[in-house]
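Asks: My questions all concern the structure below.
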Amino acid sequence: MKGVVFTEFLEMVESKFGLEVVDTIIENSNLASEGIYTSVGTYDFNEMISLITNLSDEVKAPMGDLIYTFGLYLFNGLGTSHPEVIENYTNPINLLYAIEDHIHVHVKKLYPDAELPTFKILDKTETSLSMIYSSSRGLYRLAHGLIEKTFEHFNGEATISYELLKEDGTEVKFDIVQHG
Ligand code: HEM
């Protein structure tokens, strides 16, 4: 997993729970990287699982909710470090429609060894999108948060529902209907 995801994660933990919690989860997670990440570096995904598991224990919140909250936070982080990616889009549905064939393609040029999820579009209208998220990491709640924040970014509102096609969350169908 790319270091940019880890640095954004630890910044989120610090901003929401304080530096002490950052230190505690790094200490308790027994990380090969010792919790030191560079944005272009590549690190074992299990380090992220350990950090989130220990954060969940520390702040007494379900892992899924913490991963969703991180998705909300990560959108701005990625948009700040790569404004050229987001500013091409004028509405949320078109941005989400473009993840697979444009946004993550551009990301792969920036981070050649990035392991990105796939998004298969099932249906699209001006105000709705149905797509399948697939990834061996099962970070569908992260995708959920990123999708939610996309609407906020464009001052829009949407109903976002998802259905697990595989129990471990490695394949999830998202139905998105914009209403504001
Ligand atoms: C708003 C729409 C987006 C969604 C729903 C989305 C979804 C995701 C998800 C779920 C992951 C986690 C990896 C996995 O599940 O296997 C991911 C990874 C990533 N995404 Fe996106 N993404 C979006 C936009 C972006 C943008 C705008 C950027 C950059 C400007 C970006 C850059 C990345 C990077 C660098 C990774 C990490 C890959 C790795 O660690 O190997 N994404 N994305």
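Asks: Out of the total accessible area of the chain (probe 1.4 Å, heavy atoms of protein only), what percent is carbon and sulfur? Mind showing how you got there, number by number?
Replies: On the way: 4720 of 9300 Å².
Roughly 51 percent, rounded to a whole number.
Asks: With point charges of +1 on the Cβ of Lys and Arg and -1 on the Cβ of Asp and Glu, referenced to the Cα centre of the stretch 3-61, which listed residue (9, 26, 37) lies farthest in the positive direction of the dipole?
Replies: Sorting the options by dipole projection puts first 9.
Asks: Compute the angle between helix 63-81 and the longest alpha-carbon principal axis of the chain, please, reported from 0 to 90 degrees and rounded to the nearest 10.
Replies: Helix 63-81 sits at roughly 70 degrees to that axis.
Asks: What does the charge count around residue 97 come to, taking other residues whose C-beta lies under 15 Å from its C-beta (Lys +1, Arg +1, Asp -1, Glu -1)? Let's see the in-between values first.
Replies: On the way: positive: 120, 124; negative: 100, 101, 123, 126, 175.
Computed value for this residue: -3.
Asks: Relative to the longest principal Cα axis of the chain, at what angle does helix 45-59 sit, 0 to 90 degrees, rounded to 10?
Replies: In the chain, helix 45-59 runs at an angle near 80 degrees to the longest axis.
Asks: In degrees, nearest 10, range 0 to 90: what is the angle between the Cα axis of helix 19-29 and the longest Cα principal axis of the chain?
Replies: On a 0 to 90 degree scale, this one is about 80.
Asks: Given +1 on the Cβ of Lys and Arg, -1 on the Cβ of Asp and Glu, and no further charges, what dipole in debye does the stretch 88-179 carry about its Cα centre, rounded to the nearest 20? Before the final figure, lay out each step's value.
Replies: Details: 9 positive and 14 negative charges, 45 e Å.
The calculated dipole for the stretch 88-179 is roughly 220 debye.
Asks: Quick one: the Cα spread of the chain along its three principal axes, in angstroms, biggest first?
Replies: For the chain, the Cα extents along the three principal axes come out at 48, 32, 29 Å.
Asks: Just in the stretch 94-180: which GluC sites (Glu not before Pro) are loop by DSSP and have at most 11 other Cβ atoms within 10 Å? Each step should come with its number before you reach the end.
Replies: Details: sites: 100, 115, 126, 148, 152, 157, 163, 167, 171; in loops: 115, 126, 157, 167.
Hits after loop and neighbour filter: 126, 167.
Asks: Just how much of residue 130 is accessible, in Å², when a 1.4 Å probe is used and the result is rounded to the nearest 10?
Replies: The value for residue 130 is about 10 Å².
Asks: Another question, then. Skip the ligands, DNA and RNA, and give the accessible area per residue of the stretch 46-180 with a 1.4 Å probe, whole Å². Can you show the working numbers first?
Replies: On the way: 6920 Å² over 135 residues.
Heavy-atom accessible area per residue stands at 51 Å².
Asks: Once you charge only the Cβ atoms, +1 for Lys and Arg and -1 for Asp and Glu, what is the size of the charge dipole of the chain about its Cα centre, to the nearest 20 debye? Mind showing how you got there, number by number?
Replies: Numbers: 12 positive and 28 negative charges, 88 e Å.
In total the dipole reaches around 420 debye.
Asks: If you don't mind, another one. Kindly identify the stretch 88-179 as rounded, prolate or oblate by the Cα gyration tensor criterion: order the square roots of the eigenvalues as a ≥ b ≥ c, call it rounded if a/c is under 1.5, otherwise compare a/b with b/c, prolate if a/b is larger, else oblate. Let's see the in-between values first.
Replies: Working: a/c = 1.80, a/b = 1.13, b/c = 1.60.
Verdict is oblate for the stretch 88-179.
Asks: Roughly how many Å is it from the Cα centre of the stretch 59-117 to that of the stretch 15-55, as a whole number?
Replies: The stretch 59-117 and the stretch 15-55 have Cα centres spaced 20 Å from each other.
The values are calculated or read from the model by the stated rules, or taken from the named source; none is laboratory data. Bear in mind that the values here come from a model prediction, so they are computed numbers and not experimental data. Ideal geometry is used to build each Cβ from the backbone, glycine not excepted, and the neighbour counts take in all protein chains shown. Just so you know, the surface numbers come from the protein's heavy atoms only, side chains and all, with ligands and any DNA or RNA stripped out. Shrake-Rupley method; radii C 1.70, N 1.55, O 1.52, S 1.80 Å.
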